[in-house]
Amino acid sequence: MSSSINISQVDRIYTDTDGKTVQALKNVDLDIRAGEFISLIGPSGCGKTTLLRLIAGLDKPQSGTLSIDGRRITGVDPERGYVFQQGSLFPWLDIEHNIAYGLRARGQLKQKKAGISEYISMVGLDGFEKSYPHQISGGMAQRVAIARALINEPKALLLDEPMGALDSFTRADLQDKLLELWKGKGTTMILVTHDIDEAIYLSDRIVIMTPRPGKISRVIEVDLPRPRHRGGVEFLAMRKEILELFELAQAQPQPEYNI
Amino acid sequence: MNTATVKLSAPVKESSHERTKAVWNYKNNAYLLLKILLTVSGFIVAIAVNIFFPQKAAVEIKDYVLNIFGLNISLTMNDAYIFLLAALAVFYLAAGLRSWGDKDSRKKYSKNAAFRFALGIALAVWDIGGTKLQLFAQPFFPGPAQVAEAYLADGEYVLQNTLYSLRLYAAGFSCGVLLGVGTGILIGWFPKVYYWVFPILKITGVVPAVAWMPFALTLLPNSFTAAVFLIVICAWFQIAFLTAQGIQSTPKQSYEAARILGSNSADLIFHVAIPHAMPDIFTGITSANAMAFTTLVMSEMLGQPGGLGYYINQSKVWSAYYKVLAAIVIMAVLFSLINHIIGRIQKHTLRWQEGVVKK
Ligand SMILES: Nc1ncnc2c1ncn2[C@@H]1O[C@H](COP(=O)(O)OP(=O)(O)O)[C@@H](O)[C@H]1O
Ligand SMILES: [Mg+2]
């Protein structure tokens with residue numbers, strides 16, 4: 001129930017209405033193993049969302065290829081679930097129907113109706129089935145978004161800063177929930193974050209990206225044993241290492257400009 | 001330790017004290033009962049005034065013989081008026097008792113009590129000035145009992161005209177809503193349709209529907225379809241306009257989320273765009289509804305063989321202003337009722353918005 005993803009030589013250039021171009025991604029190569037938990041981190045504007053949208057099939061690269069289990073990615077597919085940064089729930093549907101959306105859209109509501117409550121409990125939202133999105137907190141809404149993606153049993157789950165708008169307690173809570181789900185399902189996880197601690201706490205590997213043009217500067221293997229301790233010596237050492245990498249990346253002169 | 005106990009017990013005492021002290025607001029049964037009495041008493045006063053205030057002015061009080069369930073009953077305008085007042089009193093009494101179990105209804109009812117009491121008193125004053133003393137210029141300002149007389153004199157005819165109006169409205173407005181929502185969805189969804197149809201809608205939409213009446217009357221087979229046509233276009237354009245706007249303002253992210261979850265295009269229209277447009281569709285429907293009433297009455301006054309507008313026109317010819325008022329009263333009640341029903345449907349459909357949108 002998990003997929004490997006291959007990204008090779010991907011370029012994505014945006015052209016805005018004035019004809020100005022932004023190279024959001026340049027020459028991106030990345031191989032993601034099946035069942036891996038991988039984080040993309042980097043300052044804002046370095047192309048994390050762009051890369052995630054390409055993997056999702058919401059967007060196409062100008063050049064290069066993306067494939068999943070050897071098949072070219074040409075468009076969206078429920079096999080790749082996606083959790084937006086925020087506000088992607090359908091406000092006119094209650095929590096239960098938001099979560100069941102994928103089943104209904106794919107004509108599986110009848111067969112799998114019984115499973116809906118399982119997903120509601122999985123993210124700890126029992127009792128909120130009939131609430132509407134505006135009646136629940138941001139953390140709960142993100143859990144609904146995760147359950148809604150998982151009900152389609154995706155082979156890969158793409159998460160774009162799903163905890164960006166949450167306070168640190170809710171955040172830690174949701175991180176543990178995510179780990180638990182990952183362990184249970186074995187789904188390949190690709191998480192965009194700008195929080196170094198979050199990346200270290202969760203990932204098998206951390207992909208560090210730098211902006212202008214957006215590209216991968218380093219891939220770090222996190223070989224700390226799980227469960228990890230946020231205050232552990234090795235944890236802090238890794239944190240320091242990554243921070244230094246960023247300072248280095250920012251101190252570096254940037255000879256490459258796009259015209 | 002001693003002080004701690006004292007401190008702890010103090011608030012407990014206070015709250016138990018509060019519990020025994022009755023709150024004097026809508027939550028209190030005696031308070032609500034008083035409000036019910038106040039509401040009803042206004043109409044009782046109006047009835048008492050009608051019965052006991054001497055008829056000073058020379059107003060002819062005719063007897064109308066009505067055949068009700070095979071019985072011939074003789075009624076005067078004062079009987080009819082008292083009957084209506086009593087009906088109002090009973091209605092509000094029932095409403096008050098019905099609100100008993102529900103906090104929100106209790107609050108609302110209590111709040112309305114003063115106004116409804118004043119309404120009863122105003123009717124009593126109008127009765128004295130209008131009918132009993134006839135202080136105002138006649139026949140322009142009849143009293144309330146004289147307005148009630150119209151229902152005695154023309155009862156069946158008024159009913160026929162009311163049903164005629166209702167039929168016109170139902171046919172025209174329901175077609176208008178269907179066409180408006182339908183075209184609005186097409187315009188909002190397909191850029192080509194938007195390009196070709198939206199400008200037409202925008203320009204013709206500002207023209208009041210009744211302006212088309214000459215064409216409608218000559219080109220359509222009969223005056224009923226002509227009036228239906230006018231109501232249809234006045235509702236159609238307004239609703240289509242707002243529906244299109246609602247469809248177009250659907251956030252891109254909602255479509256993307258739906259597509260990733262497995263939605264096809266039809267699904268995006270029916271399960272994303274239309275639900276998102278629902279609040280706008282209802283805004284369109286409520287504003288179109290108000291315009292539909294106007295169009296209805298105007299087209300009835302200008303060229304219909306029936307309807308409340310037609311009845312007003314006819315009564316005016318005979319200077320029967322009490323009948324004009326009688327028709328206006330029916331319109332007020334009928335249109336409020338229709339608004340109320342639409343409001344209920346809207347509230348139910350948009351229940352997911354509750355608490356988000358300020359009322
Ligand atoms: N739709 C778009 N049109 C034009 N430029 C865009 C668009 N989306 C992103 N960009 C630009 O591409 C770059 C990368 O953006 P993004 O992938 O959103 O970065 P991140 O998610 O890392 O913050 C930024 O400079 C951004 O301004
Ligand atoms: Mg982003």
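Where a number appears in this text, it was derived from the coordinates with a stated rule and is not lab data. This is a predicted model, so every value here is computed, not measured. Ideal geometry is used to build each Cβ from the backbone, glycine not excepted, and the neighbour counts take in all protein chains shown.
Summed over qualifying helices (DSSP H, 4 residues or more, each -39500 (n - 2.57)) and divided by its residue number, chain A shows a 222 nm mean residue ellipticity of -9500 deg cm²/dmol. Charged neighbours of residue A:59, selected by a Cβ distance under 11 Å, balance to +2 (K, R count +1; D, E count -1). With the cut-off at 1.5 for a/c, could you classify segment B:24-136 from its C-alpha gyration tensor as rounded, prolate or oblate? Oblate, since a/c reaches 1.5 and b/c is not below a/b.
Legend: mean number of C-beta atoms from other chains within 10 angstrom of residue C-beta atoms, peptide B:249-259, equals 5. Within chain B, the longest run free of GluC sites (Glu not before Pro) that sit in a DSSP loop with at most 14 other Cβ atoms within 10 Å is B:61-353. When only alpha carbons are used to place a centre, segment A:154-192 and segment B:183-241 end up 52 Å from one another. Axis of helix A:168-185 versus longest Cα principal axis of chain A: the two differ by about 80°, to the nearest ten degrees. Look at the stretch A:75-88: the mean tally of other chain Cβ atoms within 10 Å of its residues' Cβ atoms is 3. Rounded to the nearest 0.05, the FRET efficiency derived from the C-beta distance between residue B:348 and residue B:37 at R0 = 35 Å is 0.55. Its Cα gyration tensor gives chain A an equivalent ellipsoid; the semi-axes, largest first and in whole Å, are 31, 23, 17.
For residue B:135, the shell of other residues with beta-carbons less than 14 Å away shows a net charge of +1, using +1 for Lys and Arg and -1 for Asp and Glu. Helix screen, chain B: DSSP H segments with Cα axial length of 30 Å or more and mean Kyte-Doolittle hydropathy at least -1.0 are B:29-52, B:77-98, B:103-127, B:144-189, B:223-248, B:274-303, B:321-349.
Taking chymotrypsin sites (Phe, Trp or Tyr not before Pro) in DSSP loop conformation with at most 11 other Cβ atoms inside 10 Å as exposed sites, chain B has its longest uninterrupted site-free stretch at B:141-317.
Using just its DSSP H runs of length 4 or more, each adding -39500 (n - 2.57), chain B gives a mean residue ellipticity at 222 nm of -25500 deg cm²/dmol after division by all residues. Electrostatic bookkeeping for residue A:120 treats Lys and Arg as +1 and Asp and Glu as -1; over the other residues with beta carbon under 10 Å from its beta carbon, the sum is -3.
Placing pseudo-labels 7 Å out from each Cα toward the beta carbon at residue B:65 and residue A:240 gives an inter-label distance of 11.2 nm.
Neighbouring Cβ atoms from other chains, within 10 Å of the Cβ of residues in A:47-59, number 1 on average.
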